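The values are calculated or read from the model by the stated rules, or taken from the named source; none is laboratory data. None of these values were measured; they are calculated from a predicted model. Here the Cβ is made from the backbone with ideal geometry for all residues, glycine too, and neighbour counts use every protein chain on show. Just so you know, the surface numbers come from the protein's heavy atoms only, side chains and all, with ligands and any DNA or RNA stripped out. Shrake-Rupley method; radii C 1.70, N 1.55, O 1.52, S 1.80 Å.
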Amino acid sequence: MNESELYQTEEVFKELFENINSAVTIYESINNGKDFIYKQMNRAALDLFKRTRKNIIDKNIIDVFPGLEEFGLIDALRRVWKTGKSEHFPISLYKDERISGWTEMYIYKLPSEKVVAIFEPITKIVEKEQELKESKLKFSTLADQSLMGIYILQENKMIFANQKLAEITGFDYKELMNMNLEGQLTHVHPDDKEFVKKQIIKKQKGKKDSMDQFQFRYLKPSGELVWIEVYSRTIPYEDKPAIFATFLDITEKKQMEDALQKSEYEKSVILESLLEHIVYQTTDNTILWANKAAADSVNMKPKDLIGRKCYQIWNVLDEPCEGCPIKMCIASKKPETSEMTTPDGRMWSVSGYPVKDDDNNIISVVESTLNITEEKTAEKKVKNSEEKYKKAYYQANLYKDIFAHDINNILQNISSSVELSSLYLNNPEKLNKIKELYEIIDEQVNRAKKLITNMRKLTEIDESEIILEKVDAIGLLIKAIEFIKTSFQTRNIDIQMNTPIKKTHVIANNFLLDVFENILINAVRYNNKPNIEINIDISIENKEDKNYLKIQFKDNGEGISDFRKNSIFERGLRKRYKTKGMGLGLSLVRKIMDTYKGDIWVEDRIKGDHEQGSNFIVLIPSNH
């Protein structure tokens with residue numbers, strides 16, 4: 001290596017030495033290795049020792065740091081200088097009148113006989129560890145002195161538990177610490193196990209509706225049953241979420257409550273004979289006593305209700321019911337009553353009566369509940385019966401008028417055709433007209449059949465529950481088109497269906513076929529043109545965030561005036577206005593569409609000119 005290269009190497013070494021993060025000190029021995037002086041110290045070391053090179057280089061290390069002898073560094077330097085073997089100086093605390101701190105060192109000897117020490121300052125780390133140890137010790141001391149059982153659960157494992165928890169649960173401490181969550185749950189009373197497990201899972205997942213406080217029954221290994229009241233919260237533990245909980249044995253409290261109930265035996269006999277549900281509970285809805293009627297309503301025994309929340313039993317909820325009269329009477333400090341419905345559909349009149357102490361403080365509540373399902377059902381039946389009778393009376397008269405009018409027209413057309421045909425039989429030149437008259441008679445017979453069918457279907461819709469399901473709307477429309485072409489073979493009918501959709505399901509039923517047939521029949525029947533044109537446009541439309549199948553029936557018939565557009569779907573229209581009507585068809589169509597929660601209306605095919613034909617528009621709820 002030439003002089004230039006050597007110089008560059010030295011410069012690189014100096015830069016590394018000066019700028020590394022570790023504190024580095026170079027010593028030179030004096031007095032044949034008995035003492036040492038500082039020969040070099042990098043910037044990190046100067047900062048660590050709060051010194052400058054001017055007042056440290058070539059100085060005896062004992063003069064600079066008088067505590068090094070006791071600290072043990074002098075002996076370590078002597079050993080390394082003498083043996084040439086590197087040493088790891090363990091974590092130690094250096095302290096003198098000027099500075100103090102924890103450090104870890106690595107010492108080795110250079111070929112030049114100098115000794116190097118690399119310092120790793122770890123004061124902050126040691127202090128944090130010490131602080132953590134002290135914190136754990138304080139927590140452990142407090143926990144061991146607590147009258148409550150305390151534990152920390154993390155990832156379904158017991159991370160910490162105090163001795164009191166072992167006493168409450170009846171386990172040996174070591175056995176308790178080796179038990180996971182499932183092992184603990186096997187000792188929860190079977191009736192409470194699912195509820196307790198559900199709350200723990202909610203707490204682990206951070207659910208807002210998890211309960212911080214609840215009570216449950218626990219079976220010790222000896223078979224002894226104890227009541228536990230638990231308070232829990234989620235905490236961070238060693239950078240992971242954990243459940244911190246306290247257990248309180250409330251068995252004596254429960255036993256005192258039982259004793260109180262026994263002393264009230266005579267009152268209980270009276271209360272047990274009532275049909276009303278009587279439930280005595282705390283202000284937080286915990287049941288202290290319930291009569292037999294209350295327990296029978298949920299197929300349980302009265303003793304099984306004790307300690308449970310009323311809203312858990314009757315409404316299967318994790319919090320008080322909305323409009324709870326118990327909460328209302330606590331707030332108002334006076335009796336409150338409200339009507340409620342449980343998930344099984346039963347209706348109740350529920351009253352809450354506050355129980356006060358001598359200072360007028362509410363200490364508990366009596367809940368009185370009466371099943372009013374039959375009463376309410378009877379009221380509803382009477383009301384429905386009245387409405388149904390009125391509706392049936394109106395419909396009977398309406399259908400009678402419409403049916404009489406339409407059947408009279410049909411019979412008149414048949415009679416006229418029969419009369420003409422009898423005249424044509426005696427006139428050879430008119431024989432070719434007889435076929436047309438027979439076709440008219442046949443059409444009128446089919447019209448009468450359709451009228452009777454519509455009457456039956458209207459009655460079915462009025463009297464039965466309509467079941468809706470997914471149906472192929474386009475498939476039913478094609479069937480309706482085929483029916484029209486078969487029914488009116490003597491008419492020149494051109495039906496065009498325009499749709500980008502090959503198959504569309506809607507929420508309806510097979511009555512949808514009647515909707516399509518009636519609209520198409522009217523499009524043919526009320527069109528005197530030699531060529532009947534019907535264009536059917538199909539699309540999907542979104543209305544109020546719901547998808548509908550939109551079908552437009554555009555014909556070139558005689559059209560409908562604006563005066564009649566809004567009323568042609570009303571029953572009995574012709575009787576009021578003495579106009580040419582559309583039979584039961586459109587009444588049936590409107591009624592069917594109402595059951596689908598769909599819509600139907602009519603517009604001009606050519607806007608502003610109703611004589612150019614009609615456009616009947618149907619909206620049917622779609623599952624697309």
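A few comments on the model shown:
- DSSP beta bridges confined to the chain are antiparallel in about 95 percent of cases.
- The chain, relative contact order [Cα under 8 Å, separation at least 6], %: 6 percent
- The C-alpha atoms of the chain define a longest principal axis, and helix 431-463 lies at about 40 degrees to it.
- In the stretch 209-290, inverting the average of 1/r over every pair of distinct C-alpha atoms gives 15.7 Å as the Kirkwood radius.
- With Cα atoms as the point set, the radius of gyration and Dmax of the stretch 174-228 evaluate to 12.0, 36 Å.
- Given Lys309/Lys388; Lys95/Lys174; Lys529/Lys565, the pairs whose alpha carbons are separated by over 31 Å: Lys309/Lys388; Lys95/Lys174
- Our coupling estimate for the stretch 486-493, obtained by passing each phi through the Karplus curve with A = 6.51, B = -1.76, C = 1.60 and θ = phi - 60°, is 6, 6, 10, 5, 7, 9, 8, 10 Hz, Gly and Pro reported as x.
- Rh (Kirkwood; distinct C-alpha pairs) - the stretch 173-320, Å: 17.1 Å
- P(r) tail fraction, the stretch 477-578 - alpha-carbon pairs more than 17 Å apart, %: 61 percent
- Using alpha-carbon coordinates, inclination of helix 373-425 to the longest axis of the chain, degrees: 40 degrees
- The chain - Rg over Rh from alpha carbon coordinates, Kirkwood radius: 1.32
- Charges were assigned to the Cβ only: +1 to each Lys and Arg, -1 to each Asp and Glu. The resulting dipole of the chain about its Cα centre is roughly 1860 debye.
- Each listed q (0.26 Å⁻¹) maps to a log10 I(q)/I(0) for the stretch 45-99 from the Debye sum over equal C-alpha point scatterers, namely -1.21.
- As computed over the stretch 139-256, the Cα convex hull volume per residue (Å³): 105 Å³
- Solvent-accessible surface of the chain, averaged per residue with a 1.4 angstrom probe and all protein chains in place: 59 square angstrom.
- Backbone amide hydrogens, once placed in the peptide plane, bring Ile250 within less than 5 Å of Trp227, Ile228, Glu229, excluding anything fewer than 5 places away on its chain.
- Amide proton proximity set for Ile372, modelled H, under 5 Å, gap of 5+: Met347, Trp348, Ser349
- Phi to ³J(HN,Hα) by Karplus 6.51 cos²θ - 1.76 cosθ + 1.60 over the stretch 503-519, Hz, x for Gly, Pro: 8, 9, 9, 10, 8, 7, 7, 6, 4, 4, 4, 5, 4, 5, 4, 5, 5
- Ellipsoid equivalent to the stretch 294-352 - semi-axes via the Cα gyration tensor, in Å: 20, 14, 11
- Between amide H atoms placed 1.01 Å from N, distances below 5 Å from Asn42 occur with Val24, all of them 5 or more places distant or on a separate chain.
- Carbon/sulfur fraction of accessible area - the chain, other protein chains in place, 1.4 Å, %: 52 percent
- Nearest 10 degrees, 0 to 90: helix 73-83 Cα axis against the chain principal axis: 80 degrees
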